[in-house]
Amino acid sequence: MTADVVKQRIQSIDILRGLVMVIMALDHVRDFFHITAMTQDPLAVEITTPQLFFTRWITHFCAPTFVFLSGLSAALAAKYKPRKEAAIFLMKRGLWLIIVEIVVITLGMTFNPLYNAIILQVIWATGWSMLILGFLIRFFPDKLILFLGVIIVAGHNLFDSMTVPSTGVGPVLLQVFVTVKFLIIPYGENRGIGVMYAILPWAGVMMLGYSMAKWYIHDNAEKRKKKLMIAGMTLIGLFILLRWINVYGDPRPYSEKTTVFKTFLSFLNTNKYPPSLLYLCMTIGPSILLLSFWENTSNRVASFFKVYGKVPFFYYVLHFYLIHIILVVVFFATGYGAKDIVTPNVPFLFRPVQFGFNLPVVYLIWLSVVLILYKPCVWYGRYKDSHKDKWWLHYL
């Protein structure tokens, strides 16, 4: 594999990762600033608007692509390390991410230093996925990792019809690892842990990303692009076929609505919590196609997204704190006071239920957040490139 191929491969991955990181911020800005974020499901087909539906739907691509690319990147990094060393590093980084989710990201989301609510989302799932993948790399061959990834992603919807008891250690663990939609685990008076990401389905996604890395390690660009295009089109075709059959692959079958357009929205409205087979086909398929299309991309737009894609963890942590700081400023600027900081049953401070704006304002705040973070991400990317000898940078 030539140096040029390595360089281009990294560019295509960073561009895609940067794109989904930018889109991801839109969903978090919507959570904090849209007028109906606390009162209405944006994907509720019969009552939503097309603009609101697609504002939420487009962000579905972020978590699957991020986790998939994390597996791909882990494999590329492991190529130049002894297998044991790569496995240990991956497990340590996974544990670190779980701690960061609990301590750092939860604080950025809630602004509650007392941690009355701990929210476990994509970084939690990514951390656990790295722990599991690291264990598999240490003790099992790559072919088994691919097999397990396919079985988990394709087969976990067999649990859709299963009724899980609400109490007991076993049922709670089953939810956390396989079936959870949104689980609150009390850990004291007025304190709870909110689990939104089931561990094993996301670990399966990371295993598939890890397994796809062999196309980057062993194939030339032309052969790789062809394989990526076939894989992407296959997943998109599988999504359309299984969704049309409407029997397996998602716990929420689509249905005919009052209009053809709403029926189309129902067709697209697949299940993220936990990520269904159809949800993953719908999101990862186009992402793999983009990797194929962007194999030789070099322009200003690509360079812009690559800035965020090179430092995704740095960007992810900062964007929560920036969004919440803007929220505090707007909160007081719009007439709210100290008595309104805490809202019952809302984990985010400074976020009253009826607070918020229409979508144009949400988009304006989103673009502002992305642009404000551009220069810090440029700086940090250059810092990482010039300080590769610092071990701790590999964890950030």
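The values are calculated or read from the model by the stated rules, or taken from the named source; none is laboratory data. These numbers come from a predicted model, not from an experiment. Glycine also receives a Cβ, built like all others from the backbone with ideal geometry; neighbour counts cover every protein chain displayed.
Observations
- Within segment 257-280, tally of residues that are closer than 23 Å to PRO50 by Cβ and assigned to a helix (DSSP H, G or I): 11
- Qualifying residue in segment 289-304 (condition: crowded, with 24+ Cβ neighbours inside 10 Å, out of contact with any Pro (no Cβ under 6 Å at 6 or more places or on another chain) and farther than 25 Å from VAL180 by Cβ): yes
- Some residue of segment 89-99 being surrounded by fewer than 22 Cβ atoms within 10 Å (Cβ to Cβ) and in contact with a strand residue (DSSP E or B) (Cβ under 9 Å, 6 or more places away or on another chain): yes
- Checked against the criteria, GLY356 does not count as over 14 Å from MET21 (Cβ atoms) and in contact with a Gly (Cβ under 7 Å, 6 or more places away or on another chain).
- Figure legend. Inter-residue proximity from segment 321-343: first residues polar (S, T, N, Q), second residues surrounded by 15 or more Cβ atoms within 10 Å (Cβ to Cβ), beta-carbon distance below 8 Å, spacing 6+ or different chains. Indicated pairs: THR334/PHE355; THR343/ARG351; THR343/PRO352.
- When the test is whether a residue is aromatic (Phe, Trp, Tyr), over 25 Å from ASN157 (Cβ atoms) and buried (at least 17 other Cβ atoms within 10 Å of the Cβ), TRP202 does not pass it.
- The set of residues from segment 210-237 being surrounded by fewer than 18 Cβ atoms within 10 Å (Cβ to Cβ) and not β-branched (Val, Ile, Thr) comprises LYS214, HIS218, ASP219, ASN220, ALA221, GLU222, LYS223, LYS226, LYS227, MET229, MET233, GLY237.
- Those helices (runs of 4 or more DSSP H) of segment 117-181 in which at least 3 residues are touching a residue at least 24 places away in the same chain (Cβ under 8 Å), more than 30 Å from VAL346 (Cα to Cα) and of a type outside the set (Val, Ile, Thr), considering only elements entirely within it, cover 122-139, 142-155.
- Cross-chain or 6+ apart pairs with Cβ under 6 Å, segment 86-113 first and more than 30 Å from ASN345 (Cβ to Cβ), then modelled with pLDDT under 95 and among the hydroxyl-bearing types (Ser, Thr, Tyr): ARG93/TYR395; TRP96/TYR395
- Of all residues in segment 88-135, those satisfying the criterion of being of a type in the set (A, V, I, L, M), under 25 Å from ASN190 (Cβ atoms) and out of contact with any Lys or Arg (no Cβ under 9 Å at 6 or more places or on another chain) are ILE98, ILE99, VAL100, ILE102, VAL103, VAL104, ILE105, LEU107, MET109, ILE119, LEU120, ILE123.
- Subset of segment 50-69 that is of a type in the set (Val, Ile, Thr) and under 19 Å from PHE267 (Cα atoms) - its residue that is surrounded by the most Cβ atoms within 10 Å (Cβ to Cβ): THR55
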